[in-house]
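Colleague: Below are the structure tokens for one structure; questions will follow.
The values are calculated or read from the model by the stated rules, or taken from the named source; none is laboratory data. All values derive from a computational prediction rather than experimental measurement. Here the Cβ is made from the backbone with ideal geometry for all residues, glycine too, and neighbour counts use every protein chain on show.
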Amino acid sequence: MSDALVPSVVLPSSPLQYATAAYKESGIKCAKLPPYSPDLNPIENVWSLLDARLSATRPGGWEREKEFRGRVRNAVSWVNANHSAAMTKMVSSMPRRMGAVVEAKGAMTPY
């Protein structure tokens, strides 16, 4: 009935089972994906970029909380300004990532 494909994480006794049943009644297929797959979690890549920027701008000694918060704000701005194309690419690659994970049966993929 529908060409939609909804990713569904396989977790026992999950509230998702009700959603899955509703999708099935509507003719929408649910792709079974492994839980906690880093290949399906592009935010992990963004955290890595942010962590790298924070490490690169770390002061030599202690810093006050106020200065740290400012450094975090600056790092987020820097990541947004310098990596927005990469972040857009990560998100737009999700259909390919899902296909690769399904094909690899949950094993590691090139992503």
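Colleague: Determine whether segment 50-58 contains at least one residue that is at pLDDT 80 or above and within 16 Å of the chain's Cα centre (by Cα).
Modeller: Scanning segment 50-58, I find at least one residue that is at pLDDT 80 or above and within 16 Å of the chain's Cα centre (by Cα), so the answer is yes.
Colleague: Mind telling me which of the residues Met98, Met87 ends up being at pLDDT 85 or above and out of contact with any Gly (no Cβ under 6 Å at 6 or more places or on another chain)?
Modeller: Only one candidate passes the filter, namely Met87.
Colleague: Oh, and also: Quick one: which of Arg69, Arg97, Arg73 is closer than 11 Å to Leu40 by Cβ, part of a helix (DSSP H, G or I), without any contact (Cβ under 8 Å) to a residue 60 or more places away in the chain and among the basic types (Lys, Arg)?
Modeller: Values: Arg69 fails: closer than 11 Å to Leu40 by Cβ; Arg73 fails: closer than 11 Å to Leu40 by Cβ.
Being closer than 11 Å to Leu40 by Cβ, part of a helix (DSSP H, G or I), without any contact (Cβ under 8 Å) to a residue 60 or more places away in the chain and among the basic types (Lys, Arg) holds for just one of Arg69, Arg97, Arg73, which is Arg97.
Colleague: Do we have Glu44 as farther than 30 Å from Gly106 by Cα, in contact with a helix residue (DSSP H, G or I) (Cβ under 9 Å, 6 or more places away or on another chain) and either modelled with pLDDT of 75 or more or of a type in the set (Asp, Glu) (or both) here?
Modeller: no
Colleague: Quick test of your reading of the structure: Gly61 fulfils all but one of (1) part of a loop (DSSP other than H, G, I, E, B); (2) modelled with pLDDT of 75 or more; (3) surrounded by 10 or more Cβ atoms within 10 Å (Cβ to Cβ). Name the failing condition by number.
Modeller: (3)
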